[in-house]
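The next block holds one structure in the form of structure tokens; read it before the comments.
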Amino acid sequence: MSRAGDVAAPAALRFDRAVLANGLTVIGEFNRYAVSVAGGYFVRTGARDEADEVAGVSHFLEHMLFKGTDRRTAADINRSFDELGAQYNAFTSEERTVYYGAVLPERLPALLDLLSDMMRPALRQEDFDVEKNVILEEIAMYEDRPNFRVFELAGRRFWNGHPLGNSVLGGADSIRALKREQMLAYFERRYAPSNLTLAVAGNYDWDEVVATAEGLTRGWQAFDVERELPLPQPAHGQTATQDDALKRVHVAAYAPGLAAADERRYPAAILANVLGDDSGSRLFWALVDRGLADSAGLGHEASDGTGAFVGYLSCAPERAPEVLEVYRRVLVEAQDAPPDAQEWERAQRKLATSLTLRAETPLGRLVSLGASYQTLGRYQSVQDVVSAVMGSTVADGHALLAERPFDRLYLHTLGPGAAPEERSPSS
Amino acid sequence: MALNPDGGRIFDHRLDNGLRVLFEPMPWLPTLSTTLMLPFGSATDPTGLEGSATVLHDWIQRGAGALDSRAHSDALEALGVRRGGSAGRETASLGASFLADELDQVLPLVSSMVSEPRLDEAEFAPARELAEEELRSLADAPTQRLFDALLAHFLDGGAGRSPYGTEPGLAALTPEALRADAVRRIGPRGAILALAGGADWDAVLAAVERAFAGWSGDSLPLPEARLRPADRHHVMADSAQTQIGLAFPAPAPADPDVYAYDLALHVLSGSMGARLFTEVREKRGLVYSVGAYYRALHGFGYTLGYAGTTPERADETLQVLLAEIRRLSEGVEADELERARVGTLSAVVMQGESSSARAGRLASDALLRGRVRTLAEIRSAVEKVDVHTLNDYLAAHPFPDPTVVTLGPKPLVEVAA
């Protein structure tokens, strides 16, 4: 069989970077086999950068960037994306806000024009008022998704005052009270050129990308942006929210993890896979394979300055005490019965495949390219990440477990009836 | 369209045992994705044993050949395989994505699940238990509940049954009944194995022959989908939003009109610039989520509409949704069609960059249309639709009365409880 891996060797890829006079960083990963190109703005701002009185403003602002600029109405923006045949969207997390699209290569300059224009929005009052209803509908939609809601409830408690516990959506009350002027002030503090990264991935002409970006962002004023990175003091224990309208118990699990710039994030990701991947993991065999829970998993989320193991579990209320105990025991006992070499290698190989698959499309590649550059301040190819995963040894995993992160497990349950055995939260 | 340096060639071959093998080379990729599509689903579940396809689909993955459940799973994962697949209304699928070099190791592990599943007694109870848990978990998933109720009101016969099954159906299952069901429903005749990614055809065919040639047996023909009369129905639920769903018939996947229809639907709901998003969300702020989607069963197409909104806005939302569907019959503007065309064509190209999306499209084309289309064929068909033929088509085929199902804390004015 042909060694396809040789064809797509690193020589097929090239990394490009430029810093413009206004402080905007532009990066690219050229792939000569790509038939499309993806581009996007990565803004280093999210729920963690919000004060309580403007909770949800990052996400609401993300919506408002689609509502028009001095040059375009909301309808113009939507129509322009359509004329480009773009696959496009945006998302907001605790860490960042990302606006992106993918097009055929000849349409990249027009896509960059549109995205760049959006980064300087008009924030018109009438658009703000209509969009507020859309945000309130989005909040209501997630109210009906307990598998989402439980993380809103749990994250705030686990992070215990640390800004990573802030809600991305905010609450209905904070959104209703939010004024356009507050959003504008937030925008003017956060959307500095130096706080944005423009990334492209796929098939492009680098000189054209840089020239286009320079022309489109020439008028952007430079200013400084800071992010607070306080040390977390995460809670542990168990808390509950009773909701008798629910038929199942939904559980969010947290334990202290590693920051995005910490080299141990790779063994942490492998460890989470060993323990909680959706197939073949210890939690899978203990709970899902046996039909005790319809879902039971664990992942590792490496953030700016800190991180956490984060898991989810769903089961019947009458089984919740038993299932919670098994979930807890699998994690705690792993600290004394750490993974063996075969378990570790299976998880490494699964992660390596997933990373390679995600990079098949320019759009899939763009998101990890931009996020990792913005977090680390340097380029990582997919091969770099795969090598780091395959180079993480089982001893690295044992070292993480020796710190006994799961002795500090935090569980929050959301479901009907009286809460299962309550352990008071503490820090 | 220079998507595939190989000229976009798709290999289509039938093994002696009847298994249809489809392959599209993507030689620049280090990865390979496979989809094994089996023609069994809730539509052909035995009466009284609703949910058996879902349990069977799980059970065949719990040990095969010489390997018990754990050993089989570990063997796939030691090769770094990412698994996928599900049991649906007409088909059950087993998906695998992996580094192309592992093809020879991976395929026997996939084939053994269908050619020699162990169907161990000890694995039956947990497989059923998991299906029961998944069925019960729907109680907290209003959107999924809405679509299950909508299709039960829209489709008659087996296709209207939810793949999740029913409590009595799952309770009535026995290992013996399910083993008999496996013999009846799992065989290479009627099954499709689609592959896409970084390999060449000779190597793929040789590996497929080695892994699958020993598999034998038949499967059941897919039943024709039948419709119930258009209906309106409300499901009471204690939810923050009212879920609105509607369904009406559309051209079958192999009908030449499907390209015109699909472009019209794109004008209605293909993007954030489309009519539904503009009228329901952008102008009125009634929803976060609204859309209309083409869906297909074997030989039959239909359209689903959806909106989620708070109860006090539900009546207005349904009115706007229905009005926009009616307005589409009056025709589209030339510039709307052009945007829909550009969007459709770029989506086809971009989806073609992912090996698993490519393998999935090969399998669904073969299943729903009987044959696989090249990207060039799709492009040419999409380019042929002009605004006059589209508007003539829309005028001649007004949208039928939809079945409307809603779910929420209070019935809508137009939808009785």
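The values are calculated or read from the model by the stated rules, or taken from the named source; none is laboratory data. Since this is a predicted model, take the numbers as computed values, not measurements. Don't worry about glycine lacking a Cβ; one is built from the backbone with ideal geometry, like all the others, and counts go over all protein chains shown.
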Given the condition farther than 20 Å from B:Leu49 by Cα and surrounded by 22 or more Cβ atoms within 10 Å (Cβ to Cβ), answer yes or no: does some residue in segment B:165-174 qualify? no
Among A:Val332, A:Val382, A:Val389, which is the only one that is in contact with a Phe, Trp or Tyr (Cβ under 9 Å, 6 or more places away or on another chain) and either at pLDDT below 95 or farther than 17 Å from A:Leu287 by Cβ (or both)? A:Val389
Being within 29 Å of B:His234 (Cα to Cα), modelled with pLDDT under 95 and either outside any helix (DSSP H, G or I) or more than 14 Å from chain A (Cβ to nearest Cβ) (or both) is the requirement here; does B:Gly165 meet it? no
From the option list B:Leu390, B:Leu367, single residue qualifying as buried (at least 20 other Cβ atoms within 10 Å of the Cβ), more than 27 Å from B:Ala196 (Cα to Cα) and not assigned by TED's automatic domain parsing to the domain that holds B:Leu150 is B:Leu390
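Kindly indicate which of A:Val210, A:Val274 is over 19 Å from A:Phe158 (Cβ atoms) and not assigned by TED's automatic domain parsing to the domain that holds A:Arg149.
Unique residue meeting the criteria: A:Val274.
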Which one of these is in a strand (DSSP E or B), at pLDDT 95 or above and either within 19 Å of the chain's Cα centre (by Cα) or within 13 Å of chain A (Cβ to nearest Cβ) (or both): B:Leu195, B:Leu170? B:Leu195
Can you tell me which residue is surrounded by the most Cβ atoms within 10 Å (Cβ to Cβ) among those in segment A:60-79 that are over 20 Å from the mean Cα position of the chain (by Cα) and free of Cβ contacts under 8 Å to residues at least 40 places away in the same chain? A:Asn78
Working only within segment A:205-224, note down all residues that are in contact (Cβ under 8 Å) with a residue 40 or more places away in the chain and either within 24 Å of the chain's Cα centre (by Cα) or within 13 Å of A:Ala18 (Cβ to Cβ) (or both). A:Trp206, A:Glu208, A:Val209, A:Val210, A:Thr212, A:Ala213, A:Glu214, A:Thr217
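Have a look at A:Phe60, A:Phe42, A:Phe66 and point out the one that is closer than 22 Å to A:Ile135 by Cα, away from chain B (no Cβ under 13 Å) and not β-branched (Val, Ile, Thr).
Just one listed residue meets the conditions, A:Phe42.
A quick yes/no check of all residues on (1) more than 24 Å from B:Ser355 (Cα to Cα); (2) touching a residue at least 12 places away in the same chain (Cβ under 8 Å); (3) assigned to a strand (DSSP E or B):
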{"site": "B:Val21", "(1), (2), (3)": "no, yes, yes"}
{"site": "B:Ser33", "(1), (2), (3)": "no, yes, yes"}
{"site": "B:Thr47", "(1), (2), (3)": "yes, no, no"}
{"site": "B:His57", "(1), (2), (3)": "no, yes, no"}
Test result for A:Val288, within 14 Å of chain B (Cβ to nearest Cβ) and without any contact (Cβ under 8 Å) to a residue 60 or more places away in the chain: yes
Taking segment A:332-374 and keeping only residues that are more than 14 Å from every other protein chain (Cβ to nearest Cβ) and out of contact with any strand residue (DSSP E or B) (no Cβ under 8 Å at 6 or more places or on another chain), one is left with A:Val332, A:Glu333, A:Ala334, A:Gln335, A:Asp336, A:Ala337, A:Pro338, A:Ser368, A:Ser372
Could you please give the count of residues in segment A:197-250 that are over 28 Å from A:Leu108 (Cβ atoms) and among the hydroxyl-bearing types (Ser, Thr, Tyr)? 2
Given the criterion crowded, with 18+ Cβ neighbours inside 10 Å and on the phi > 0 side of the Ramachandran plot, identify the matching residue among B:Gly308, B:Gly301, B:Gly285, B:Gly273. B:Gly285
Given the residues A:Asp277, A:Asp304, which is the only one that is within 11 Å of another protein chain (Cβ to nearest Cβ), of a type in the set (D, E, K, R) and within 30 Å of A:Arg44 (Cβ to Cβ)? A:Asp277
What tally of residues in segment B:59-77 results from selecting those that are touching a strand residue (DSSP E or B) at 6+ places or on another chain (Cβ under 9 Å), touching a residue at least 40 places away in the same chain (Cβ under 8 Å) and not β-branched (Val, Ile, Thr)? 8
Can you find a residue that is assigned by TED's automatic domain parsing to the domain that holds B:Ala252, in a helix (DSSP H, G or I), in contact with a strand residue (DSSP E or B) (Cβ under 8 Å, 6 or more places away or on another chain) and crowded, with 16+ Cβ neighbours inside 10 Å anywhere in segment B:328-347? yes
B:Gly88 passes all but one of the listed conditions (1) under 25 Å from B:Glu134 (Cβ atoms); (2) within 13 Å of chain A (Cβ to nearest Cβ); the exception is number (2)
Within the bounds of segment B:289-302, is there any residue that is within 14 Å of chain A (Cβ to nearest Cβ) and in a helix (DSSP H, G or I)? no
Out of segment B:208-244, which residues are within 15 Å of B:Pro409 (Cα to Cα) and assigned to a strand (DSSP E or B)? B:His233, B:His234, B:Val235, B:Met236, B:Thr242, B:Gln243, B:Ile244
For B:Glu50, the lone unmet condition from (1) of a type outside the set (Ser, Thr, Tyr); (2) away from chain A (no Cβ under 14 Å); (3) closer than 27 Å to B:Leu205 by Cβ is (3)
Restricting segment A:190-204 to residues that are more than 21 Å from the chain's Cα centre (by Cα) and not small (Gly, Ala, Ser), the one surrounded by the most Cβ atoms within 10 Å (Cβ to Cβ) turns out to be A:Tyr204
Pick from segment B:62-74 the residues that are buried (at least 20 other Cβ atoms within 10 Å of the Cβ) and more than 9 Å from chain A (Cβ to nearest Cβ): which of them is farthest from B:Gly165 (Cα to Cα)? B:His72
For a quick check of your reading: which helices (runs of 4 or more DSSP H) sit entirely within segment A:80-162 and have at least 1 residues that are touching a residue at least 24 places away in the same chain (Cβ under 8 Å) and farther than 30 Å from A:Gly237 by Cα? A:108-118, A:125-143
Please specify each residue of segment B:403-417 satisfying the condition of being in contact with a Lys or Arg (Cβ under 9 Å, 6 or more places away or on another chain), part of a loop (DSSP other than H, G, I, E, B) and not small (Gly, Ala, Ser). B:Leu412, B:Glu414, B:Val415
Could you please give the count of residues in segment B:118-131 that are touching a Leu at 6+ places or on another chain (Cβ under 9 Å), more than 7 Å from every other protein chain (Cβ to nearest Cβ) and not in a loop (DSSP other than H, G, I, E, B)? 4
